[in-house]
Amino acid sequence: MIKIWELYRDAHWVEPFLIFSICFFVGASAVLYLFIISSRNKNIKLEKLKKEHDQQIAELIFLVVFEDTPFLEIKKGEEYEKLSESFFFRKVLIESVINLHKNYDGVYAKKLEHFYKESGLINDSFKMLKSLKWEVKCKGITQLAEMNVTDSFERILTFSKARNKTLKITAINACIKLAGIKGITHLKAHPYPIDDWTQVNIIAAFKKHDIGDTKGVELLLESQNATVITLGLKLIKELKLTQKVPYVVQLAERTPNTLIQYEAQNVLQELTV
């Protein structure tokens, strides 16, 4: 300890330390500056390339949707074959197809869905479900749901039990879009509490997708999980499902939980006034 103190009092170490610190700071600043310049140049190149792809994709979509050109004919073209090998091109293509699908319905939407499957873009979405990053999984789930890939329902359903709240909500919303009430009936046996935010998102999904067939909502009222029962009551109330009143009456009569009984009575009052 004494030797360290004597070394500290000795001023000979100060000059080398300052020189090293200055050199380290200058070197780190130079590396950071080069990294920023490189990143900026890369983004500029990608933006330029995206604009080129946007033009190519617009022509491609026009042929598929409005000219009814068979995809096999497009696939044989050298230009598309070369472009389809690019990960960035496929990324831009799938984003364009998804965005267009949101704005179209009827025949045009069906053509986009057909192209999505024939071109193999569906496989790119399925690969996202295997990612270790939850945000990538959410993106894949959203794409499959938007393109009405009903075959993906069972796989997406597994993510409705995820610990990550955003991933869970995204999966449940997708299941509702793909299968309606079937997308939430599994919650009857859900062992964990469903927080208010998740419930609000589930109700919003039902309103957004305008689910016509509500057969099965009453099953939530039979759950042993109080938050699931609350969700069922909220759905019945918000969607004004007057045909479910008998089930709410039974719940209000049999439940030992005073809070649920109070919520059930409120729903009955709301629906019978």
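Straightening the chain between Lys130 and Gln243 buys 36.6 nm, computed as 0.36 nm per residue apart minus the Cα-Cα spacing. Overall, the chain carries a charge dipole of about 500 debye about its Cα centre when +1 sits on the Cβ of Lys and Arg and -1 on the Cβ of Asp and Glu, all other atoms neutral. Here the Karplus curve 6.51 cos²θ - 1.76 cosθ + 1.60, taken at θ = phi - 60°, turns the phi angles of the stretch 92-99 into couplings of 5, 5, 5, 5, 5, 5, 4, 5 Hz, with x standing for Gly and Pro. When each of the peptides 173-182, 155-164, 24-33, 96-105 is scored by the mean number of other C-beta atoms lying within 10 Å of its residues, the order from highest to lowest reads 173-182, 155-164, 96-105, 24-33. Computed from phi, the 3J(HN,Hα) profile of the stretch 132-139 under the Karplus parametrisation 6.51, -1.76, 1.60 (θ = phi - 60°) reads 7, 8, 5, 5, 6, 4, 4, 5 Hz, with x in place of Gly and Pro. Spin-label model, Gln56/Arg163: points 7 Å from Cα along the beta carbon direction are separated by 4.2 nm. Computed from Cα atoms, the angle from the helix 258-272 axis to the main principal axis of the chain rounds to 60 degrees. Structural descriptor for the stretch 123-273: relative contact order 15 percent, calculated from alpha carbon pairs under 8 angstrom and at least 6 residues apart. Measuring r between the beta carbons of Asn43 and Cys23 and using R0 = 35 Å, the FRET efficiency lands at 0.70.
Full extension of the segment from Ser84 to Trp197, taken as 0.36 nm per residue of separation minus the current Cα-Cα distance, would add 36.7 nm.
Every read-out reported here was derived from the displayed coordinates using simple, explicitly stated rules and does not represent laboratory data. Note that the structure is a prediction, hence the values are computed from the model and not measured. Virtual Cβ from ideal backbone geometry, glycine too; neighbours counted across all protein chains shown.
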